[in-house]
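Shown next, in C-alpha cells, is the structure this report addresses.
The values are calculated or read from the model by the stated rules, or taken from the named source; none is laboratory data. Since this is a predicted model, take the numbers as computed values, not measurements. All Cβ positions, even for glycine, are placed from backbone atoms using ideal geometry, and neighbour counts span all protein chains on display. The protein model used for the area step is the full one, side chains on, heavy atoms only, and it has no ligands, DNA or RNA in it. Shrake-Rupley method; radii C 1.70, N 1.55, O 1.52, S 1.80 Å.
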Protein chains: 4
Amino acid sequence: MKEEDKLSVWKNKLHEIIYEADTPMGKLFDIILFFIIIFSVILIMLESVKSIDAEYHQILFVLEWVVTIFFTIEYIARIICIKKPTQYIFSFYGIIDFLSTIPLYISYIFAGSQVLLAVRAFRLLRVFRILKLVQFLGEASQLKRALRASRAKITVFLFAVLIASVMMGTLMYLIEGDEAGFTSIPTSIYWTIVTLTTVGYGDIAPITPQGQAIATIIMLLGYGIIAVPTGMVTAEFARQNKERTGESSGNRYVHVNTQSCPTCSKEGHRDDATHCYNCGSILNE
Amino acid sequence: MKEEDKLSVWKNKLHEIIYEADTPMGKLFDIILFFIIIFSVILIMLESVKSIDAEYHQILFVLEWVVTIFFTIEYIARIICIKKPTQYIFSFYGIIDFLSTIPLYISYIFAGSQVLLAVRAFRLLRVFRILKLVQFLGEASQLKRALRASRAKITVFLFAVLIASVMMGTLMYLIEGDEAGFTSIPTSIYWTIVTLTTVGYGDIAPITPQGQAIATIIMLLGYGIIAVPTGMVTAEFARQNKERTGESSGNRYVHVNTQSCPTCSKEGHRDDATHCYNCGSILNE
Amino acid sequence: MKEEDKLSVWKNKLHEIIYEADTPMGKLFDIILFFIIIFSVILIMLESVKSIDAEYHQILFVLEWVVTIFFTIEYIARIICIKKPTQYIFSFYGIIDFLSTIPLYISYIFAGSQVLLAVRAFRLLRVFRILKLVQFLGEASQLKRALRASRAKITVFLFAVLIASVMMGTLMYLIEGDEAGFTSIPTSIYWTIVTLTTVGYGDIAPITPQGQAIATIIMLLGYGIIAVPTGMVTAEFARQNKERTGESSGNRYVHVNTQSCPTCSKEGHRDDATHCYNCGSILNE
Amino acid sequence: MKEEDKLSVWKNKLHEIIYEADTPMGKLFDIILFFIIIFSVILIMLESVKSIDAEYHQILFVLEWVVTIFFTIEYIARIICIKKPTQYIFSFYGIIDFLSTIPLYISYIFAGSQVLLAVRAFRLLRVFRILKLVQFLGEASQLKRALRASRAKITVFLFAVLIASVMMGTLMYLIEGDEAGFTSIPTSIYWTIVTLTTVGYGDIAPITPQGQAIATIIMLLGYGIIAVPTGMVTAEFARQNKERTGESSGNRYVHVNTQSCPTCSKEGHRDDATHCYNCGSILNE
C-alpha cells in the first residue's frame, strides 16, 4: 500500500466518522458534537446576560475559545476528508459551520464587532444535521408531507390574511390616528396582525368607539379563521392516517441510511446502494 | 375594411389585453399591473411614515403622480374598449378603480383633503381581479365552499358569542366599574370580546376578585369554544376530501377560462362557449 | 256564545299571537318584539356611556319609559292569556321577563338603586325565546348534540386544567412574590389561567428568570393542549356527519312546530299533535 | 382467635377503608377525604391573601391545625395498615402525603420557614388518588391514549418550536437591543415564546420597524402552526372513534377494580385476581 493509498484510507475513515452515523465511532462523534453545540449555545446565552457576564466573564471567555477551537478543527477536518471540498464549503451546512466559527476570530481582530458574536447562536442549526440519526425523523417526515400537501391552501390563506391586514390596518390608521399609537400605515398593519393572530400586546390599542368596533371585528375574524389552517392540516393528517392503513396507497418507501456521498455530500442512499444516486461515484461500504 | 371596423378590431384587441389573461400580451399586462399596484401600495405606506416622508417627500410625490397617471390611462382605456361602459363603471371593480385613482386629484384641488389619500390603499383590492389567472384559485374555491357549507353553523356560533359577550360585558360593568377601565357597557363588551378571543391587550383588566373570577370563566370559555368553529370547518374539509376521492359526489365541474364578456363583463365562461351565459352577446374567440 | 266563551276565544287568540309563531300575527308579534328588545338593549348601552348620557339624557329617559311600559303590558298579557299563570311566572323566561321590566320602576321608587338598571340588559336573553322560529335552530341543535356528546371529556379536561392551574399558580407565587404582582395564591392562579388560555393581559408578568422559565412551560402547555378540546369536538362533528350520511343511524327525527301548550307552556309538539305531550290538555288547532 | 389475628383482621378492615373504594365505608372515606383536601387548599389560598389573613388569621390558623392533625392521623393509619410500610412511604403518593402534612410542624419549630407553607398546596395532587373511583376515568384514559399515540409527533413539534424560538429570539436580540426590553438572549427567547404561543403580554414589545416585521412573521407562524398539534390530536381522536366502532381493533380490555395490594400497594388488579400481579402475595377478598 502506497503512501497515497494510506492517506486515502485514512480520509475515508475520517469521512465515515464525521459525515455518517452508521458506525459506533460515527455515532459517538455525532453525540459528542450534539452536546458541544448545545453547550456552546448555552454559553452564548449566558454571555448575553449582563449580570452573569460581569461575574463569570473570564470563565465564559475561556470556554468559548475552547469550543471555537474545537469547531475550527472540525471545520478543517470536514474540508480535508471530502473529495470535492467546494461542494461542502458552499453547501447550506458548510456556510452555517463557517458562520458559527468565524465571529470570535473577527471580534478579536476588529474592535467593535462584538455584535457579531450573537451570530454564533445560529450554530444551533447544526443540530439538524446530527438529528438525521434520530428515529423521530419518520414522524417529522409525516409532518413535512402534511404541510407540503396543504402548501397551496396555506399560501392562499396567508395571502388573504395579509391583504385583509393591509386593508384593516389602513382603515384603523384613518380612524384612530396618532394619539392611540397608530402613527403610520405600517404600524397599523403591524397592530392588525398582532390583533388578528390573537397575540394582543396592548402597546397599541384603539381608544375611539369606532376603532374599538373595528378591532372587535378583526378579533372575531382572527378567532374564527384560525379554523382554516387547522382544518386543512387536520384533514390532511386524517387522510394520511387512512392511506397508511388502507391498501389504496400507491407510494412505496425504502429505508435509507445516514451515509453521505464522499464526493458530493448527497444523503439519503438506499441500504443496498453502491453508487451515489446523484453523482454516481462509489460509496464507502 | 372601413375606418369603423378597424376601430372595432382595435377595441377588441385592447379588451383582450386589459380584461383577459389568455394571450401572452394579456398575461404581461396583468403581471405589470400587479407589480404597479403592489409598488403603489408600498408608496402609500412609506408616505404615512413621518420620518420617511420628511426626507423623501419629493421623490414619493413624483412617483405617486406617475402611478396615478398610469392608473388614469388604464381606467380610461377600460371604459373605451368595453361595449357597455356603464356596466364596468358601476361594477365592484369599476368603483374600486375609480376610488383608487381619484384621491390624488381631489387632494390637489381641495386643500385639507389629504386624509382621503389613504383611501388609495384600497387599490390593493384590485389584485384580486388579477389573481384570477393564478392556479391557486382551485384551492381558494375549495376554501370558499367549505366556508359556505359551514355558514349557517358559523352564524349561529357568532350570534351566541355576541349575546354571551353582551351579557358578560354588562356583568363586568356592574362588578368592576370605572377604576378598572370598565367605564361603560360598550367598553365592557369590547373588553369581553378582547378576552374571549384570547387577544388580551391588558389596557383594561379586572382588579376585584369577583371580576377576576368572571374573567377566568370568560377566558376558559373562549379557550374552549374555539373548538367549535375549528371543528365545523375541519369536519367540512374532511367531508370534501372524501367526496373528491369517492364516486358518490353528484357535482360536476367544467373548466372555465379567464375571458370576460365584452358587453356585460361577466366572467367564468366555458372554454367552448360562444355566447355570454348572462347577456347572450357573442364572445370574442 | 256566552260572555265567558268569548273571553276564552279572545284569550286563545292572544295566546296564539304571544306564545306561538305559526300564524302571521304570531310571527309579526315576534319580529316586533325582537327589534324592541334589541332597541332597548342599545338604549341601555348608550345610557351607560357618560358623554352620550350627558347630552341625550332626556330622550333616552323617555324612550326607556316607552319600552318599559310596552314590556309591562306584554308581561301582563302573558299572564292573562295563559291558563296556569304560575307556570309561566316561575319559569325561566317568566323570571327573565320580570327582571327585565321591574328595575326602572324600582329605581323610581328607591333612590340609589340606579345600579340595578344595568340588570335590564339581561332582557337580551329574551331573544332566545323568539329565535325558536329561526331555521338556524337545526344547526344549533347539532352544535348542542356535539357538545353534549363531548361533555364527559370536556369535564375531565377542564378539571385537569384547573388542578394544573392551582399547582402552577402556587409555584409562581412561591417564585415571583409581591414585586411582580403575584400578591396572593388566587391572584397567581388567575395569572396562570390568563397565560394558559393564551390571553396574556400583561398586567402581571414574571420578572425573575425562574419565573419566566415556568411561564414558558405554561404557555407551551396552553398552546399545545388547546388541541384537546378542539380534537374532541372535531371528532364528534365528523362522527355526526358520517352518521347522517350512513344508514347506521338509529335516531329518527320528526318535525315539531312552535306551538306552546296553553296550559303548561311546554313546547316542541309534533305537527299532528292534538294533546300536550306533557300535561295532556288539548292544544289549540 | 388470638390477639394477633384480631389485630390482623382489624388491619385488613382499615386497609380496605383507606386504600380501596369498593365498600360503602371505603367510598365514604374517599368522599370525606376529597372534601377535606379541597377545603384545606381553599384555606391555604385564603391565608395567602393579605387582607383576609389580617382579619381572620386566628380562625384560619385553628382550622389549618385541625386539618393537619387529621392528615397526620391518616398518614400514620396508612403506614400501620399496610404490610410493607416502606413501599408506601417511598411511593409517589406517600411522598406527597408526607410533604403536604409536615410543613406546618416545621414552620412551628423553625422560625422563618413560613415560605414552606405554600408547599401544602401540593396536597391537591392527592385528589388524583381519590378520583380513581370516578366514572370519568374511562374518558381520561382515552385522552391519555390519544396523547400517548401522538407523543413522538408532539416531541418533534416541540423541539422544532424550541429551536425556532432560540433562532428568532437571538435575531430579535441583535435587532432590538436594550431599550425595547430585549436585554439578553434568554429574555428575547422568552419574548419569542410569548409571541409564538399568541399569549402576548406586551411587557416587552418591538419598537423598530425591522423588529416589528420579524415579530409579524413570528406571530403568523405561531398562528399557523398551532394547526399542527391540533391536527395530530384530532386525527388521533377520529382514529380511536373509528376503531371503537369497527371490529378491526386488536386490543382487549379487562375490568380492574380499585383494590390495592396490602403488601406492595400496586393497583389495577383484575376482578377475579387472587394474587397480586406484581409481588404475588394474596389479595384480601
Per-residue mean of C-beta atoms belonging to partner chains within 10 Å, peptide A:212-218: 4
Rough spin-label spacing in nm, given labels placed 7 Å along Cα→Cβ, for B:LEU7 and B:SER107: 3.7 nm
Cα-projected label distance for C:SER51 with C:PHE35, points at 7 Å along beta-carbon direction, nm: 3.0 nm
Label 7 Å beyond Cα on the Cβ vector: C:HIS57 copy-to-copy distances, nm: 4.8, 4.8, 6.7
With 10 Å bins from 0: P(r) over the range D:3-131, alpha-carbon pairs, percent: 11, 40, 31, 14, 4, 0
Vicinal HN-Hα couplings computed from phi for the range B:118-128 (Karplus, 6.51 cos²θ - 1.76 cosθ + 1.60; Hz; Gly/Pro x): 5, 4, 4, 4, 6, 5, 4, 4, 5, 4, 4
Gap separating the Cα centres of the range D:168-242 and the range C:158-232, nearest whole Å: 17 Å
Derived scalar couplings ³J(HN,Hα) [the range A:197-210; Karplus, 6.51 cos²θ - 1.76 cosθ + 1.60; whole Hz; x for Gly, Pro]: 7, 6, 6, x, 5, x, 5, 10, 8, x, 10, 7, x, 4
Copy-to-copy label separations for D:ALA77, where each label sits 7 Å from Cα toward Cβ, in nm and ascending: 6.5, 6.5, 9.2
Largest-first principal axis extents of the Cα set of the range B:197-242 (Å): 51, 18, 6
Computed over the range B:3-131: relative contact order in percent, which uses C-alpha pairs under 8 Å that are six or more apart: 26 percent
Area accessible to solvent at B:ILE36, 1.4 Å probe radius, in Å²: 40 Å²
B:TRP65 accessible area, assembled protein chains, probe 1.4 Å, Å²: 50 Å²
Over the range A:137-249 - Rg/Rh using Cα atoms and the Kirkwood inverse-distance radius: 1.17
Exam field: C:ARG151 pseudo-label spacings to other copies (7 Å along Cα-Cβ), nanometres: 3.3, 3.3, 4.7
Listed pairs C:LYS13/C:LYS83; D:LYS6/D:LYS27; B:LYS6/B:LYS83; A:LYS242/B:LYS144 exceeding 18 Å between Cα atoms: D:LYS6/D:LYS27; A:LYS242/B:LYS144
Average other protein chain Cβ within 10 Å of Cβ, residues B:153-163: 5
Shielding score for B:180-186, defined as the mean number of other chain Cβ atoms within 10 Å: 5
Solvent exposure ordering (accessible area, 1.4 Å, most first) of B:LYS11, C:LYS153, D:LYS13, A:LYS242: D:LYS13, A:LYS242, B:LYS11, C:LYS153
